[in-house]
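Have a look at the structure below before the remarks.
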Amino acid sequence: MSTNEELFARAQRVIPGGVNSPVRAFRAVGGTPRFIQRAQGAYIWDAEGRRYIDYIGSWGPMILGHGHPAVLEAVQKAAMDGFSFGAPTEREIELAEAIIGLVPSVEQVRLVSSGTEAGMSALRLARGATGRSKIIKFEGCYHGHADALLVKAGSGLATFGFPTSAGVPEDVVKHTLVLEYNNLAQIEEAFATQGHEIACVMIEAIAGNMNFVRASVPFMTRLRELCTKHGAMLVFDEVMTGFRVGLGGAQGVYAKLIPGFKPDMSVFGKVIGGGMPLAAFGGTRDVMSQLAPLGPVYQAGTLSGNPVATACGLATLKEIAQPGFYEALGAKTRAMVAGLEAAAKDAGVPLVGDSEGGMFGFFFASELPQNYGVVMATDKERFNRFFHGMLERGVYLAPALYEAGFVSAAHTADDIAATQAAALAALRS
Ligand code: KE4
């Protein structure tokens with residue numbers, strides 16, 4: 001057995017599926033997961049010493065590349081002063097001020113330890129602040145594994161969702177309506193019939209959990225209008241897009257397309273922790289003041305605002321806020337997608353891609369899917385063969401056709417060229 005196979009066999013004896021998060025098990029693409037030993041810049045090395053160009057970047061956090069010297073130094077220094085106190089620190093204020101300074105819609109934030117925790121808390125706060133129970137999410141969007149969000153579309157529009165996981169009681173999801181992404185008719189009908197009961201709509205404005213699907217401008221414009229009209233909160237899940245697609249996140253992209261656009265609450269994660277366990281949710285002072293200890297909505301966390309994690313996040317935000325950072329990263333990511341499209345064209349395989357900032361997606365299709373159903377109808381077998389063809393050639397893509405990919409500031413033009421060459425060889429084979 002190879003070392004990765006040995007480690008996987010050993011892992012499966014003591015950890016369910018051998019992984020601490022399901023997508024890492026390669027179940028969608030088959031084969032043996034690579035056990036990563038170390039990472040540096042744009043590269044990761046597995047237990048067999050094989051190097052890969054890394055387009056996962058820990059599913060988004062490693063926007064600077066692995067082991068950025070300034071971030072590493074900040075983390076080492078913070079660790080010397082203490083790992084965790086369970087008491088307030090100045091650095092939590094600095095990180096909150098940094099986030100608020102970069103995201104106009106956010107006046108106050110609360111720091112937590114994972115995107116799931118942030119999404120779950122934002123949902124509870126939206127319900128507490130509005131006094132309503134019903135929520136809307138969209139098929140293909142993932143907002144972490146809080147019970148109320150593990151829901152798939154009901155049979156009809158008006159019916160509420162079904163759990164996507166065992167262990168989630170029906171009555172927990174009966175308030176969750178799951179609609180089709182980019183479907184204007186459905187949000188019109190949902191608000192016309194239940195608008196006064198809806199606490200919030202939670203959405204990934206650029207949906208990275210169905211690879212890469214943008215909310216259309218008409219859809220997002222109308223969604224904002226309907227939420228405002230009916231007193232429902234528009235919650236942007238920016239765990240993946242926040243500080244990844246641009247300095248202002250996806251809401252910054254839409255604010256350029258829809259004058260005055262702002263969500264009511266935002267959820268962050270991944271990049272703001274720079275690879276350490278850190279996430280956040282934020283909104284107006286009015287809404288955030290509903291939270292304990294000020295208000296009636298309870299929310300807490302032993303490691304919330306952890307001193308080492310906040311040092312990592314702050315050092316990361318400092319680097320990405322440098323002038324020109326996203327222009328360079330966006331150009332590099334576009335070049336990477338163009339490389340995949342050119343390789344596919346040479347190989348006579350239909351492939352289309354899209355990107356924003358340092359986030360990209362691609363589909364074995366001739367046009368960009370607009371919703372989950374279309375994404376999931378693309379050629380899975382072809383994707384899986386391509387995934388392994390690239391892995392064998394030292395390029396590590398997301399091991400599922402419904403996941404997005406990420407380019408870091410550490411990726412070079414040579415890495416992009418090597419990726420295109422690998423894609424051409426893989427697609428030809
Ligand atoms: P975490 O609890 O995994 O930190 O965040 C949950 C979450 C919330 N919202 C969005 C938009 C997300 O993308 C995520 C987590 N994303 C997945 C990748 N699709 C993380 C990878 C994994 O589950 O292992």
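Quick notes
- Percent carbon-and-sulfur accessible area, the chain, ignoring ligands, DNA and RNA, probe 1.4 Å: 55
- When the helices of the chain are scored as -39500 (n - 2.57) per DSSP H run of n ≥ 4 and the total is divided over every residue, the value at 222 nm lands at -12000 deg cm²/dmol.
- Dipole magnitude for segment 103-231: computed about the Cα centre from +1 point charges on Lys and Arg Cβ and -1 point charges on Asp and Glu Cβ, it is near 220 debye.
- With all protein chains kept in place, the per residue accessible area of the chain amounts to 42 square angstrom at a probe of 1.4 angstrom.
- Diffusion coefficient of segment 158-198 by Stokes-Einstein, Kirkwood radius over Cα pairs, 25 °C, 0.890 mPa s: 218 µm²/s.
- Exposure of L303 as accessible area (Å², to 10), given a probe of 1.4 Å and all protein chains: 90
- Dipole axis of segment 268-410 (+1 Lys, Arg; -1 Asp, Glu on Cβ), positive-most option in G394, S355, G313: G313
- Rg/Rh for the chain (Cα atoms only, Rh after Kirkwood) is 0.95.
- FRET efficiency for the S429 to R285 pair, using the beta carbon distance and R₀ = 56 Å, is estimated at 0.45.
- Shown is the FRET efficiency for V14 and W45, computed with R0 = 22 Å from the Cβ-Cβ distance and rounded to the nearest 0.05: 0.40.
- Charges were assigned to the Cβ only: +1 to each Lys and Arg, -1 to each Asp and Glu. The resulting dipole of segment 324-429 about its Cα centre is roughly 220 debye.
- Alpha-carbon gyration tensor eigenvalues x 5, square-rooted, for segment 1-110, Å: 34, 17, 16
- Separation of the K345 and A417 label points, Cα + 7 Å toward Cβ, nm: 1.9
- Between A338, G274, A250, the Cα set farthest toward the positive side of the dipole of segment 242-354 (charges on each charged residue's Cβ, about the Cα centre) is that of G274.
- Largest to smallest accessible area among D286, D147 [probe 1.4 Å]: D286, D147
- Check: the chain dipole with +1 on Lys, Arg Cβ and -1 on Asp, Glu Cβ, in debye: 300
- With q set to 0.17, 0.22 Å⁻¹, the log10 of I(q)/I(0) for segment 195-304, from the Debye formula over equal scatterers at the Cα positions, is -0.89, -1.30.
- 3J(HN,Hα) along segment 74-91, derived from phi through the Karplus expression 6.51 cos²θ - 1.76 cosθ + 1.60 where θ = phi - 60°, amounts to 5, 5, 4, 5, 5, 4, 5, 8, x, 7, 6, 10, x, 9, x, 9, 5, 5 Hz, with x in place of Gly and Pro.
- Here the chain carries DSSP beta bridges of which approximately 60% are antiparallel, counting only pairs with both residues inside.
- Selection from A129, M265, P22, by position along the positive dipole direction of the chain (Cβ): P22
- Checking every one of the GluC sites (Glu not before Pro) in segment 364-415 against DSSP loop status and a limit of 10 other Cβ atoms within 10 Å picks out E367.
- Segment 91-169: GluC sites (Glu not before Pro) falling in loop per DSSP and having at most 15 other Cβ within 10 Å: E107
- Histogram of C-alpha separations across segment 50-132, 5 Å bin width, %: 3, 10, 12, 18, 23, 16, 9, 6, 3, 1, 0
- Residues D147 and E225, FRET efficiency given R0 of 45 Å [Cβ-Cβ distance, rounded to 0.05]: 0.90
- Charge sum, other residues only, whose C-beta stays under 13 Å from T3's C-beta, Lys/Arg counted +1 and Asp/Glu -1: -1
The values are calculated or read from the model by the stated rules, or taken from the named source; none is laboratory data. Here the structure is a predicted model, which is why all the values come from computation and not from measurement. As a convention, Cβ positions derive from the backbone with ideal geometry for all residues, glycine included, and neighbour counts pool all protein chains shown. Note: accessible area is taken over every heavy atom of the protein model, side chains too, but ligands, DNA and RNA are not part of it. Shrake-Rupley method; radii C 1.70, N 1.55, O 1.52, S 1.80 Å.
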